[in-house]
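*Asks:* Here's a structure for you.
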Amino acid sequence: MEIATKLKRGMIIKHNGMLHLVVLCSHNKTGRGSGSIVSKLKNLESGVNAEYRWRSDEKFEEVELDEIPMEYLYQDGDQFWFMNNATFDQIAVNREVLEEELPYLIPNAQVRLIMYEGNPIEVRLPNEVTLVISETGPNARGNTAGAATKPATCETGLVVQVPLFIETGEKIIVATEDGVYVGRAKEK
C-alpha cells in the first residue's frame, strides 16, 4: 500500500476493489492542515471517469502489471489483433480497451500492451506516430501574419491542424498525447 501523495498520472491502481487508470492528478496544499490530492480515475472495466479527492495520508494499492512489446496487425470487427514480437503469439484486444488510441493506430505500429492477470487492459502508444494525410483543403492565401493552419484528415480519420504548405498524400508526425502536428516525416 502506498500513500496518496505518491499518486501519479498514468498509474494503474486498485480502488474500491476495481482497477482504475489515473488520468489526472493534482496535489493541493492548504494553508492549514494537511493537503489533498484530486484525481480523475478511469474505471478500466466500465470505462467511466470519476473524480476522487484523497487525503494526503490515505492509502491506495498499486497493481503489478506486465508490459509486453507488441505489433498491431489488423482489425476484425470489434477485435484488434496484436502480435508479441518475441514469441509471435497473437492476442485480440476489444475496442473498449483502446478506444482513445484508435486514431493513432496503423498496421505494423509498435506498441506496448499492458496486461493484468493475463487480460489486456491498456495499449500504450509511442510518443509520436507517422500518418498519411488523406484529405486537406487547398493552400489558402491571405491573412497569414501568424502561424496559419488548416484542418487535415489523416488515414485513420484523425483531424489535425497543419500548416498551409502540407498537401494530401504527405506523411506527417503527430504527437499521440494531444493529437498535435509535430512536423513532416522524413522520407526514407
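*Asks:* Does the stretch 3-25 hold any residues that are among the hydroxyl-bearing types (Ser, Thr, Tyr) and within 12 Å of residue 44 (Cβ to Cβ), and which are they?
*Replies:* Answer for the stretch 3-25, where residues must be among the hydroxyl-bearing types (Ser, Thr, Tyr) and within 12 Å of residue 44 (Cβ to Cβ): there is none.
*Asks:* In this structure, is residue 106 under 19 Å from residue 160 (Cα atoms) and either touching a Lys or Arg at 6+ places or on another chain (Cβ under 8 Å) or not in a loop (DSSP other than H, G, I, E, B) (or both)?
*Replies:* Considered against the rule, which asks whether it is under 19 Å from residue 160 (Cα atoms) and either touching a Lys or Arg at 6+ places or on another chain (Cβ under 8 Å) or not in a loop (DSSP other than H, G, I, E, B) (or both), residue 106 comes out as no.
*Asks:* For the stretch 156-168, check the following and say yes or no: at least one residue is modelled with pLDDT of 90 or more, outside the structural domain of residue 71 (by TED's automatic domain parsing), surrounded by fewer than 15 Cβ atoms within 10 Å (Cβ to Cβ) and outside any loop (DSSP other than H, G, I, E, B).
*Replies:* Within the stretch 156-168 (the criterion being modelled with pLDDT of 90 or more, outside the structural domain of residue 71 (by TED's automatic domain parsing), surrounded by fewer than 15 Cβ atoms within 10 Å (Cβ to Cβ) and outside any loop (DSSP other than H, G, I, E, B)), the answer is yes, since at least one residue qualifies.
*Asks:* Does residue 91 count as within 28 Å of residue 14 (Cβ to Cβ) and not basic (Lys, Arg)?
*Replies:* So residue 91 passes the test.
*Asks:* Starting from the stretch 119-134, take each residue that is farther than 21 Å from residue 94 by Cβ and list its partners that are of a type in the set (Phe, Trp, Tyr), counting only C-beta distances under 6 angstrom and pairs at least six apart or across chains.
*Replies:* Listed pairs, sorted by first residue: 129/104.
Here's the yes/no breakdown for (1) outside the structural domain of residue 114 (by TED's automatic domain parsing); (2) part of a strand (DSSP E or B); (3) out of contact with any strand residue (DSSP E or B) (no Cβ under 9 Å at 6 or more places or on another chain); (4) acidic (Asp, Glu):
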{"site": "9", "(1), (2), (3), (4)": "yes, no, no, no"}
{"site": "33", "(1), (2), (3), (4)": "yes, no, yes, no"}
{"site": "38", "(1), (2), (3), (4)": "yes, yes, no, no"}
{"site": "54", "(1), (2), (3), (4)": "yes, yes, no, no"}
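*Asks:* Residues of the stretch 68-88 being over 11 Å from residue 113 (Cβ atoms) and either part of a strand (DSSP E or B) or not hydrophobic (A, V, I, L, M, F, W, C) (or both), which ones?
*Replies:* 73, 74, 75, 76, 77, 78, 79, 81, 87
*Asks:* Is it the case that some residue within the stretch 38-46 is buried (at least 16 other Cβ atoms within 10 Å of the Cβ), over 19 Å from residue 117 (Cβ atoms) and not basic (Lys, Arg)?
*Replies:* yes
*Asks:* When the residues of the stretch 89-102 are narrowed to those that are assigned to a strand (DSSP E or B) and among the β-branched types (Val, Ile, Thr), which ends up surrounded by the fewest Cβ atoms within 10 Å (Cβ to Cβ)?
*Replies:* Applying the filter and picking the extreme gives 91.
*Asks:* Further question: Search the stretch 9-52 for residues being modelled with pLDDT of 85 or more and of a type in the set (Lys, Arg), and hand back the single one that is nearest to residue 99 (Cα to Cα).
*Replies:* Restricting to residues being modelled with pLDDT of 85 or more and of a type in the set (Lys, Arg), the top hit is 42.
The values are calculated or read from the model by the stated rules, or taken from the named source; none is laboratory data. On a predicted model such as this, the values are computed, not experimentally measured, just so you know. Counting neighbours? That spans all protein chains shown, and the Cβs are built from the backbone with ideal geometry, glycine included.
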